[in-house]
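To keep things clear, I will list the structure first and then write my remarks on it.
The values are calculated or read from the model by the stated rules, or taken from the named source; none is laboratory data. A quick note: this is a predicted structure, and the numbers were derived from the prediction, not measured. Quick reminder, even Gly has a Cβ in these numbers, built from the backbone with ideal geometry, and neighbours come from all protein chains shown. When the accessible area is computed, the model is the full protein with side chains, heavy atoms only, and any ligands, DNA or RNA have been set aside. Shrake-Rupley method; radii C 1.70, N 1.55, O 1.52, S 1.80 Å.
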Amino acid sequence: MMLFVSFSSAPEFEPAKPIVQATLVQLNSKSPATTQTDQSIAGEAAKTAAPQHEAEELKQEQQKQEEQAAEAREERAAEAAAAAAAAREQQQEEAEAQKQEQAEAQKEAEAEKAAAAAEARKADAAKKLAAEEAAKKKAADEAAKKQAAAEAAKKKAADEAKKKVAADAAKKAEADKAAQQRRDAEEAKARALAELLADETQYQQAQADEIGDEVAASFDDLIRRYVSEQWRRPPTARNGMVVEVVVSMLPTGQITDAVVARSSGDAGFDQSAVQAVRNVGRIPEMQQLSRDNPATFDRMYRKRTLRFKPEDLSF
């Protein structure tokens with residue numbers, strides 16, 4: 001295309017005239033006609049040489065233009081190659097810059113991701129710490145509530161114990177007062193009876209024995225009732241068995257010992273009766289008897305032999 005442009009922009013010249021080659025023949029004749037003919041031939045030769053010279057000049061001019069066009073093409077090709085190289089270099093620089101930007105962007109994204117993860121871990125740790133603090137506070141509140149409830153229950157129990165002690169003391173005082181009144185009345189009655197029957201010793205003894213038998217029967221039934229509540233029937237116990245147990249007591253009614261005086265023949269039943277007596281521990285009513293009739297208590301219940309049968313005991 002550049003060659004075509006070069007040729008298309010070349011100046012137009014007139015078409016070269018044909019070159020006429022002529023051979024001059026020298027004639028010996030020097031006539032005027034001949035001389036004139038030679039001059040004519042020389043003139044024609046000069047005319048013929050002028051267009052040839054112009055064609056050579058035109059050819060040289062065309063070659064020069066072609067060389068200039070070739071040089072221009074080479075310059076344009078060099079410029080195009082340089083421009084292409086510059087474009088490639090710029091593209092490479094732009095690609096490197098873009099790659100670096102992408103790397104920096106990725107690095108920033110990773111840094112942001114790491115920061116977000118750190119913040120998330122920090123938030124989780126704070127949340128966990130808050131949960132632990134809440135649990136500790138809840139446990140402390142519950143412990144405080146339990147302690148307060150325990151203190152309240154303890155205070156209530158102490159108050160109730162004080163009330164009970166006071167009530168028991170009042171009851172005891174009332175009972176002691178009533179017992180004292182009964183003792184005073186009985187002593188007064190005994191003194192009066194003694195004064196009336198001072199001369200009737202046999203009658204007094206008979207009355208004492210009668211009273212002692214009634215008291216013994218009453219307290220024996222009382223002991224059986226207490227023992228019956230504590231007795232657990234052994235598998236070997238049968239109706240018709242009888243065991244005699246010697247019971248030792250203090251004036252307070254405290255049972256100090258219980259031993260078999262006469263076996264029923266069944267060791268299990270004997271041991272169950274002894275254990276039931278010991279489990280009773282204390283018979284409070286005996287304290288009143290020892291106060292009212294100490295002689296009767298000493299005579300009959302310091303050591304008392306009781307007979308037990310399975311049908312006499314509850315099960």
Within the range 129-172, restricting to residues that are within 18 Å of Q287 (Cα to Cα) and open to solvent by 60 Å² or more (accessible area, probe 1.4 Å), the one that is modelled with the highest pLDDT is K171
Exercise for the section: Please tell me if A295 is at negative phi, part of a helix (DSSP H, G or I), modelled with pLDDT of 90 or more and not acidic (D, E). Expected result: no
When M249 is run through (1) under 16 Å from M300 (Cβ atoms); (2) of a type in the set (A, V, I, L, M, F, W, C); (3) open to solvent by 60 Å² or more (accessible area, probe 1.4 Å), the failure sits at (3)
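From the list G253, G265, G281, which one is at positive phi and either touching a Leu at 6+ places or on another chain (Cβ under 9 Å) or hydrophobic (A, V, I, L, M, F, W, C) (or both)? Write out each step before concluding.
Working: G265 fails: either touching a Leu at 6+ places or on another chain (Cβ under 9 Å) or hydrophobic (A, V, I, L, M, F, W, C) (or both); G281 fails: either touching a Leu at 6+ places or on another chain (Cβ under 9 Å) or hydrophobic (A, V, I, L, M, F, W, C) (or both).
Result: G253 is the single residue among G253, G265, G281 that is at positive phi and either touching a Leu at 6+ places or on another chain (Cβ under 9 Å) or hydrophobic (A, V, I, L, M, F, W, C) (or both).
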Checking V243, V277, V259 in turn, the sole residue that is among the β-branched types (V, I, T), buried (at least 17 other Cβ atoms within 10 Å of the Cβ) and out of contact with any Ser or Thr (no Cβ under 7 Å at 6 or more places or on another chain) turns out to be V277
Among the residues of the range 270-278, is any in contact with an Asp or Glu (Cβ under 7 Å, 6 or more places away or on another chain) and within 28 Å of T296 (Cα to Cα)?
-> no
Of those in the range 280-315 that are over 30 Å from P235 (Cα atoms) and in contact with an Asp or Glu (Cβ under 9 Å, 6 or more places away or on another chain), the residue surrounded by the fewest Cβ atoms within 10 Å (Cβ to Cβ) is D292
